[in-house]
Each structure stands twice: as C-alpha cells, then as structure tokens.
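Reviewing the structure listed below.
The values are calculated or read from the model by the stated rules, or taken from the named source; none is laboratory data. From a predicted model like this one, the values you see are computed outputs, not experimental measurements. When we count neighbours, we look across all protein chains shown, and the Cβ atoms used for this are built from the backbone with ideal geometry, even at glycine. Side chains are part of the model used for accessible areas, which takes the heavy atoms of the whole protein and leaves out ligands, DNA and RNA. Shrake-Rupley method; radii C 1.70, N 1.55, O 1.52, S 1.80 Å.
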There are 2 protein chains.
Amino acid sequence: MLKEERHQFILNEVRVHNRVLLTDIADLLHVSVDTIRRDIKELHQSEKLKKVHGGAVSLGFNNYNPTGKKIYSQEKKAQIAEKGLSLIKEGQVVLLSGGTTNLELARRIPSKIKLTCFTPSLPIAVQLLTKSNVEVIFIGGRMSKDSQIAVGGSAINMLSEIKVDICFLGTNSIHPTEGLTEFDWEIVQMKKAMIHSSRKIVSPSISEKIGSLQRYKICAVEEIDFLITELEPWDAKLDAFRNMNIQLL
Amino acid sequence: MLKEERHQFILNEVRVHNRVLLTDIADLLHVSVDTIRRDIKELHQSEKLKKVHGGAVSLGFNNYNPTGKKIYSQEKKAQIAEKGLSLIKEGQVVLLSGGTTNLELARRIPSKIKLTCFTPSLPIAVQLLTKSNVEVIFIGGRMSKDSQIAVGGSAINMLSEIKVDICFLGTNSIHPTEGLTEFDWEIVQMKKAMIHSSRKIVSPSISEKIGSLQRYKICAVEEIDFLITELEPWDAKLDAFRNMNIQLL
DNA sequence: GCATGTTATGCAATATTATGCTGTTTTATT
DNA sequence: AATAAAACAGCATAATATTGCATAACATGC
C-alpha cells in the first residue's frame with residue numbers, strides 16, 4: 001500500500017470518526033505503528049489533522065452537543081453526512097432541519113465554502129455559526145424542548161416566505177409506500193413547510209429507519225429527490241426505492 | 001479513549017450542566033478520579049473551565065465561545081444577574097436581549113418558575129431550554145456571527161408582533177444625558193424594537209460602562225425603568241441617574 | 001546491468017507520557 | 001474541633017514517542 005493511500009485512509013477515518021488510534025490504524029492497514037506514527041506526524045505538519053498522544057483528532061474537534069445525549073449510531077450518521085456534503089455547492093441556499101445526522105453534516109461543512117443556511121434547529125445554528133463564510137438565518141418560533149427546534153405558526157410562517165435550493169430533511173421514518181412519517185405533530189407541520197420551501201429535498205436516513213412507520217405522514221417518497229443512507233447505493237435494502245425518480249446515495 | 005476526547009467530554013458536560021463533579025465524570029468514563037483531576041487541572045490552566053473543590057464549573061456561561069473572546073467582569077455580571085432575578089415574577093412574559101450579563105441571568109432562572117421567554121440570542125436560548133418550566137420563543141432571523149443574536153428585518157418584524165411584561169436589555173454603553181448607545185447599527189435596530197415590545201425596560205450594566213458612549217443611540221435614559229449595576233444603589237457613581245424616574249438596583 | 005542516492009519501513013533501545021495507587025495534607029462541613 | 005471528602009505528592013507500571021540504525025524498495029544516471 002502506498003503512503004499516499006494510507007494518508008487518505010487516515011484522513012478519512014479522522015473525518016468520519018473525529019479521532020483515530022495509532023494502534024487501530026496500524027492493525028487495519030497491516031503496517032507497523034511506527035509507520036502510522038510517521039504518517040500522522042506528516043499530516044500534522046501539513047495541518048490536516050491534530051496529532052495527540054496515542055492517535056490523532058480532527059482539526060475542528062469539538063463535540064458540541066447541547067443536550068449531552070449520546071448520539072445513536074454516530075458513525076453511520078457521519079458517513080451519511082459525508083455523502084450529503086457532496087450535494088452542497090458553493091453559493092447555494094440550504095435549509096437544514098433538526099436531527100443528529102444534520103448536525104453531523106453541519107459540523108462537516110468546510111469553513112471556506114460560501115453558503116446561506118436556514119435552520120430552525122438550535123444546535124445546528126450553533127454549529128453553523130462557527131463557519132466564517134456561512135450566513136446563518138434562524139427560523140424562529142416556539143422552541144420544542146426535546147427536539148430543540150422551533151415549531152409553531154411563527155416558524156411555519158417564516159418558512160412560507162423562503163424558497164431555497166436544497167433542503168436536508170432529517171428523517172425519522174421512511175417507508176417505500178407510506179412515505180416519510182413522524183410521531184410529533186408539530187414537527188410534521190414544520191417538515192411539511194420545509195418541503196414547500198425547497199426546490200430539492202434530501203432525505204438523510206440511516207438504513208434501520210427504512211421501512212419504519214410513525215403516526216403522522218409528512219410526505220410521499222416521490223416528493224424527495226435524494227435518499228442518503230450509510231449503505232452503498234446498490235444495496236438490496238434500497239431496492240424498494242428504485243424506479244421512483246429518487247437518486248440513491 | 002484519548003485524553004483529548006476526555007477533555008472534550010468534560011468541557012461538554014460543563015457547558016451543559018454548568019458544573020461537574022470529578023467523581024461523576026470518572027464514573028461515566030470509567031477512569032480514576034485522579035485522571036479526571038489531572039484533566040481538569042489542564043483545562044483550568046488553559047482557561048477552558050474553572051476548577052473548584054470537587055469538580056469544575058464553567059467560566060462564563062457561554063463557554064462555547066467560538067471566537068474565543070474573554071468574558072469580562074464575570075463576577076460583577078453574576079451579581080447583576082442575581083439582582084435582576086428579583087424582578088422576574090411567576091408567569092410573566094420576559095424578553096432577553098443578548099450579552100453575557102443576560103446569559104448569567106438566564107442561567108440563574110430557577111427551573112421551577114413558570115415563564116415565557118422571548119430572545120433573539122442563541123446562547124441564551126440554549127441556556128433557557130434547560131429550564132423545564134420556561135417556554136422559550138426564539139426571535140429568528142439572520143444571525144450576527146460575533147454577537148450570536150438574530151438581527152435584520154425578519155427579527156424586528158417578529159418583535160413588532162409581541163408585547164411582553166419586562167425586557168432585560170443588555171447594555172453596552174449608558175450615559176446620563178446621551179442615553180443608551182451601541183456601536184453596531186443592526187443591534188441598535190433590534191434593541192429599539194425590543195424597547196417598543198416591552199412594558200418595562202431593565203438595563204443591566206456593569207459600572208464601568210456608565211458614562212461611556214458609542215456611535216449610535218438606542219434610547220434616552222428616561223425610557224428605561226430599572227438600572228441594575230453591581231454597585232449598591234446609593235453609590236455615588238450612580239448620582240447622575242437619580243431623579244430620573246429610574247429605579248436603581 | 002550496475003552503482004549510487006533517496007525514500008520508506010521496521011526494529012530496538014531509550015525517553016516521555018499517561019494513568020492508577022498509596023499515603024499524607026488540605027479543605028469544606030457539621 | 002471532628003470528620004469525611006477531596007487534593008496533592010510521589011511512585012510504579014504500562015503505553016506511547018523518539019531516536020538511531022539496518023534493511024529493503026525504488027529511482028536515477030551512467
């Protein structure tokens with residue numbers, strides 16, 4: 001394996017996990033820890049990551065997580081976030097709903113890209129404000145305590161006045177025939193409004209949510225344009241969503 | 001687990017709970033208290049938190065401080081916040097502008113008191129959401145990066161639709177004849193709108209700001225109802241504000 | 001093809017760091 | 001003042017880092 005390949009591998013691990021252990025990588029790549037140590041030293045010197053005792057962490061290593069709750073299957077969400085990033089283009093206007101997957105996405109937005117981001121989610125707004133070239137517009141309103149997003153008439157009203165390029169719609173449940181569903185009525189209203197406010201809809205969703213069903217319907221599957229999971233696009237679990245004019249990522 | 005990760009974890013706990021106990025963290029992370037003690041010692045030395053007997057507490061509140069700016073006169077602001085609390089009554093509707101003093105106030109609001117709080121400030125909203133009996137309504141809009149509050153037409157428009165009992169107006173400069181002033185035009189607009197939206201105006205202000213002057217005027221001193229400083233109300237430095245129909249606290 | 005220089009890698013010896021443990025001192029609280 | 005909890009200092013151990021060196025792989029010019 002080439003040194004360059006190792007470097008890319010390490011950087012990728014760091015991006016996805018926020019941290020790596022020397023021993024893990026050495027193990028995975030079947031090289032000595034010394035080699036990995038040297039790799040990380042170089043990457044540290046070129047400021048691609050931060051070397052720490054025992055491994056390395058990503059540069060903007062901060063796990064700001066206001067609720068302090070553990071993020072469930074963070075790794076998968078991190079992968080999804082990485083894929084989602086590829087849909088975002090310089091200068092676009094983006095709408096981000098709440099949810100931990102979108103939080104991962106927000107965290108990964110490069111500081112140098114110029115964007116305008118709308119969001120009703122408090123943690124996401126906090127995250128986005130650290131990006132110097134991202135203009136953040138908060139969709140205000142009554143804050144829901146557990147989801148930490150704004151809900152209610154005022155927020156929906158504000159949404160009705162915008163039309164963005166792309167919306168990342170945090171997805172709780174997605175079902176091939178029943179569509180996207182939620183258990184919280186107020187959040188359903190918000191998400192419906194977000195769909196109306198956006199030209200393209202992206203549904204980032206970990207695969208275990210596929211096929212699940214909740215009480216209230218947000219929209220049909222056909223209304224979304226991209227479905228991102230941690231799986232490969234050709235995975236059999238996604239078969240139900242083919243031939244539906246949805247792009248799988 | 002890497003030391004770096006522990007550090008981030010501790011900082012996060014401090015952010016969320018304002019204080020942490022050594023034993024709790026050691027328990028949570030399955031390491032010895034000594035290790036955590038050493039961690040906290042380091043974080044204390046790098047001024048990320050404040051070490052206290054038995055654990056650690058956050059520096060200012062918004063220790064999540066992307067710009068890394070120091071929070072000035074922490075102690076005085078805490079005193080002011082305590083005084084301000086006495087003005088808040090069960091069931092009221094309160095409007096909080098941004099600023100570190102108001103942040104201290106928000107953090108001190110007892111969880112058991114029932115309130116409705118409006119605010120355009122991100123850190124304050126984050127803090128308020130931890131209070132189970134406080135209904136939080138965020139004044140949305142374009143977010144100003146350094147002050148972390150919403151500004152612009154949308155926010156001002158939202159303010160124009162409310163009338164609250166009492167407004168705590170974070171004050172940058174207050175002058176007996178020139179009134180309240182600010183250096184940021186957009187924030188001036190927000191504060192003006194906040195004044196119109198409130199029956200009573202409270203100006204929490206550390207004494208060193210008294211007599212200072214900035215570029216743009218928010219309002220005359222007469223328009224505020226309460227002036228809170230860290231000084232005793234009969235302090236000579238406040239003489240200029242007597243006989244002005246302002247209550248000094 | 002061959003000599004030479006460069007780079008990458010692994011290895012071993014040594015140094016440094018991180019962590020937990022013990023015993024003692026300090027601090028907060030009753 | 002008595003007490004319990006916490007802080008501290010010092011030490012032992014294990015993990016990680018550093019350094020120097022030997023070898024192997026590779027490129028380059030002849």
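Some points to look at:
- Region B:132-147 - residue that is within 10 Å of A:Phe138 (Cβ to Cβ) and crowded, with 24+ Cβ neighbours inside 10 Å and, of those, nearest to the other protein chains (Cβ to nearest Cβ): B:Gly140
- Residue satisfying all of: in region A:82-103; more than 27 Å from A:Gln189 (Cα to Cα) and more than 12 Å from the chain's Cα centre (by Cα); least open to solvent (accessible area, probe 1.4 Å) among these: A:Gly91
- Residue under evaluation A:Glu42, criteria (1) modelled with pLDDT of 90 or more; (2) under 24 Å from A:Lys192 (Cβ atoms), criterion not met: (2)
- Close pairs (9 angstrom Cβ cut-off, 6 or more residues apart or separate chains): hydroxyl-bearing (Ser, Thr, Tyr) in region B:47-60, assigned to a loop (DSSP other than H, G, I, E, B) anywhere: B:Ser58/B:Asn18; B:Ser58/B:Leu49
- Within region B:1-48, the set of residues being away from every other protein chain (no Cβ under 14 Å), within 28 Å of the chain's Cα centre (by Cα) and hydrophobic (A, V, I, L, M, F, W, C) comprises B:Leu21, B:Leu22, B:Ile40.
- Within the set A:Leu103, A:Leu169, A:Leu129, the sole residue that is of a type in the set (A, V, I, L, M, F, W, C), free of Cβ contacts under 8 Å to residues at least 12 places away in the same chain and either within 13 Å of chain B (Cβ to nearest Cβ) or out of contact with any Phe, Trp or Tyr (no Cβ under 6 Å at 6 or more places or on another chain) (or both) turns out to be A:Leu129.
- Looking only at region B:38-54, and only at residues there that are in a helix (DSSP H, G or I) and more than 9 Å from DNA strand C (Cβ to nearest atom), the one that is surrounded by the most Cβ atoms within 10 Å (Cβ to Cβ): B:Ile40
- Across region B:148-176, the number of residues qualifying as among the polar types (S, T, N, Q) and open to solvent by 20 Å² or more (accessible area, probe 1.4 Å) comes to 4.
- Taken over region B:166-219, residues that are outside any strand (DSSP E or B) and within 25 Å of B:Leu85 (Cβ to Cβ) amount to 17.
- Taking (1) part of a strand (DSSP E or B); (2) free of Cβ contacts under 8 Å to residues at least 12 places away in the same chain in turn, B:Asn157 satisfies each apart from (1).
- Residue list for region A:104-122, filter: buried (at least 24 other Cβ atoms within 10 Å of the Cβ) and either part of a helix (DSSP H, G or I) or not assigned by TED's automatic domain parsing to the domain that holds A:Lys192 (or both): A:Glu104, A:Leu105, A:Ala106, A:Leu122
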